[in-house]
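Comments concern the structure below.
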Amino acid sequence: KELISEAEAFKAENKDALEAYRIKFASKKGILNDLFSEFKNVPAEAKKDYGQAINALKTIVEEKIRSTQEAFESNEETKSFYGDLTRPGTPIELGARHPISLVKNQVINIFSNIGFNVSEGPEIEDDWHNFEALNFPEHHPARDMQDTFFVQTNPEMLLRTHTSSVQTRYMENNKPPIRTISPGRVYRNEAISARSHCIFHQVEGLYIDKDVSFADLKQTLLYFTKEMFGKSKIRLRPSYFPFTEPSAELDVYWGLKTETDYRITKGTGWLEIMGCGMVDPNVLKASNIDPTKYSGFAFGMGIERMAMLLYQIGDIRMFYENDVRFLEQFKSNF
Ligand code: PHE
């Protein structure tokens, strides 16, 4: 009786356990065979009960082995058809955003918080939008400041040298108040080195409304440098751009705490971040905005330059080589 309930209660976890069960009960030297050989020694009056009992045990054992075997087999069929559904999935490799996109998105976020939208323009541009409407008359020496790639068959067409071309396009299609930033790729015919490349990225900013003053420009840029770099000491150095008057370069006080600060600021602690100024009345006129009613400011900054500062990247060429060892380092940033 005990053997019957043991045989009945058996549950095989795996094939080895089933085999052990078969050996114990149903092999040549197993319990069943032993019990059958005992049969001849059983007294005649007990033979009937004894015989029934071992036959019952035999049926149970055979049935158990058959059904367990079957369960294993059908389980295996399922596995080979669907794969093992209980296995953990293969991890999906996540890529990383490119540092240029990271910095660009950061700039967009900072300015969208104060009401700027995002605008774009073409990279293959005409002379009017890139130069003429921005107060660079033909033969003006300031055109040489921007080594231009011209389209050979048509010198009226060129690869835009700055995102200021988007200002012109935006003013053509929108009336003030205007608050827009224009991120994008620009091209200059410069020798490629660790510090400069013929392709890079800028973000342009344009703000036009009634009574916009230089103080508004300064305050907006101070807000930006605080958000972007966590630095709140800035200075505006007089400069020249044909499309702004007055014009300035914005410097941020980076500090002189570390070796790197000394190296990147040439020992002064100050770093040039962008060009800016009040939009020249000629530029407003060229885009049919009345300079007696409206005024505005504009600014333009290099994305690679900021990325190099923020992530301490020593060579601008790294951005375009797509070396995964470089790109992977930005995985934790969004
Ligand atoms: N377009 C200028 C440059 O590429 C930057 C700039 C933009 C300066 C807007 C003033 C105003 O250097």
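Just to be sure, is Thr180 of a type in the set (Ser, Thr, Tyr), farther than 30 Å from Ile313 by Cα and either surrounded by fewer than 21 Cβ atoms within 10 Å (Cβ to Cβ) or within 13 Å of the ligand (Cβ to nearest atom) (or both)?
no
Which one is nearest to the ligand (Cβ to nearest atom) among residues in the range 185-224 that are among the basic types (Lys, Arg) and in a loop (DSSP other than H, G, I, E, B)?
Selected residue: Arg188.
Within the range 256-286, how many residues turn out to be under 18 Å from Pro176 (Cα atoms) and surrounded by fewer than 18 Cβ atoms within 10 Å (Cβ to Cβ)?
3
Checking Arg317 against (1) in contact with a His (Cβ under 7 Å, 6 or more places away or on another chain); (2) closer than 23 Å to Phe214 by Cβ: exactly one of these is not met. Which one?
Looking at each condition in turn, Arg317 falls short on (2).
Scan (1) in contact with a strand residue (DSSP E or B) (Cβ under 7 Å, 6 or more places away or on another chain); (2) away from the ligand (no atom under 11 Å from the Cβ); (3) not basic (Lys, Arg) for the single condition Asn173 breaks and write down its number.
(1)
Which pairs turn up if I take residues in the range 296-308 that are within 15 Å of Pro246 (Cα to Cα) and look for partners that are outside any strand (DSSP E or B) and more than 8 Å from the ligand (Cβ to nearest atom) with beta carbon separation below 7 Å, at least 6 apart in sequence or on another chain?
Cβ pairs passing all conditions: Gly296/Val212; Phe297/Val212; Phe297/Asp216; Phe297/Leu217; Phe299/Leu221.
Considering only the range 287-302, how many residues are away from the ligand (no atom under 14 Å from the Cβ), at pLDDT 95 or above and either in contact with a Ser or Thr (Cβ under 6 Å, 6 or more places away or on another chain) or not hydroxyl-bearing (Ser, Thr, Tyr) (or both)?
Number satisfying all stated conditions: 4.
State which residue is farthest from Phe136 (Cα to Cα) when the search covers only the range 269-278 and only residues that are assigned to a strand (DSSP E or B) and either more than 8 Å from the ligand (Cβ to nearest atom) or more than 38 Å from the chain's Cα centre (by Cα) (or both). It would help to see each step written out before you state the result.
Keep residues of the range 269-278 that are assigned to a strand (DSSP E or B), which gives 270-278.
Next, from what is left, pick out any that are either more than 8 Å from the ligand (Cβ to nearest atom) or more than 38 Å from the chain's Cα centre (by Cα) (or both): 270-273, 278.
On the way: Trp270: 30, Leu271: 28, Glu272: 24, Ile273: 23, Met278: 16 Å.
Applying the filter and picking the extreme gives Trp270.
Could we say that Ala26 is farther than 30 Å from Leu221 by Cα and small (Gly, Ala, Ser) here?
Against the criterion (farther than 30 Å from Leu221 by Cα and small (Gly, Ala, Ser)), Ala26 qualifies.
Could you go through the range 241-255 and let me know if any residue there is within 16 Å of the ligand (Cβ to nearest atom) and part of a loop (DSSP other than H, G, I, E, B).
Checking the range 241-255: at least one residue is within 16 Å of the ligand (Cβ to nearest atom) and part of a loop (DSSP other than H, G, I, E, B).
Of the residues Ala96, Ala71, Ala53, which is farther than 30 Å from Ala307 by Cβ, touching a residue at least 40 places away in the same chain (Cβ under 8 Å) and among the hydrophobic types (A, V, I, L, M, F, W, C)? Give the steps one after another, and end with the answer.
Values: Ala96 fails: farther than 30 Å from Ala307 by Cβ; Ala71 fails: touching a residue at least 40 places away in the same chain (Cβ under 8 Å).
Within the list Ala96, Ala71, Ala53, the selection yields Ala53.
Here is a yes/no grid of residues against (1) part of a helix (DSSP H, G or I); (2) under 35 Å from the mean Cα position of the chain (by Cα); (3) within 30 Å of Tyr223 (Cα to Cα); (4) free of Cβ contacts under 8 Å to residues at least 24 places away in the same chain:
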{"site": "Asn105", "(1), (2), (3), (4)": "yes, yes, yes, yes"}
{"site": "Ile108", "(1), (2), (3), (4)": "yes, yes, yes, no"}
{"site": "Phe111", "(1), (2), (3), (4)": "yes, yes, yes, no"}
{"site": "Ile114", "(1), (2), (3), (4)": "no, yes, yes, no"}
{"site": "Gly121", "(1), (2), (3), (4)": "no, yes, yes, no"}
{"site": "Trp128", "(1), (2), (3), (4)": "yes, no, no, no"}
{"site": "Pro137", "(1), (2), (3), (4)": "no, no, no, yes"}
{"site": "Asp144", "(1), (2), (3), (4)": "yes, no, no, yes"}
{"site": "Asp147", "(1), (2), (3), (4)": "no, yes, no, no"}
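Being away from the ligand (no atom under 16 Å from the Cβ) and out of contact with any Asp or Glu (no Cβ under 8 Å at 6 or more places or on another chain) is the filter; apply it to the range 137-152 and report the residue that is most open to solvent (accessible area, probe 1.4 Å).
Top of the filtered list is Gln152.
The values are calculated or read from the model by the stated rules, or taken from the named source; none is laboratory data. Nothing here was measured: the structure is a model prediction, and the numbers come from that model. Glycine also receives a Cβ, built like all others from the backbone with ideal geometry; neighbour counts cover every protein chain displayed. Keep in mind that these areas ignore ligands, DNA and RNA; they rest on the heavy atoms of the full protein, side chains included. Shrake-Rupley method; radii C 1.70, N 1.55, O 1.52, S 1.80 Å.
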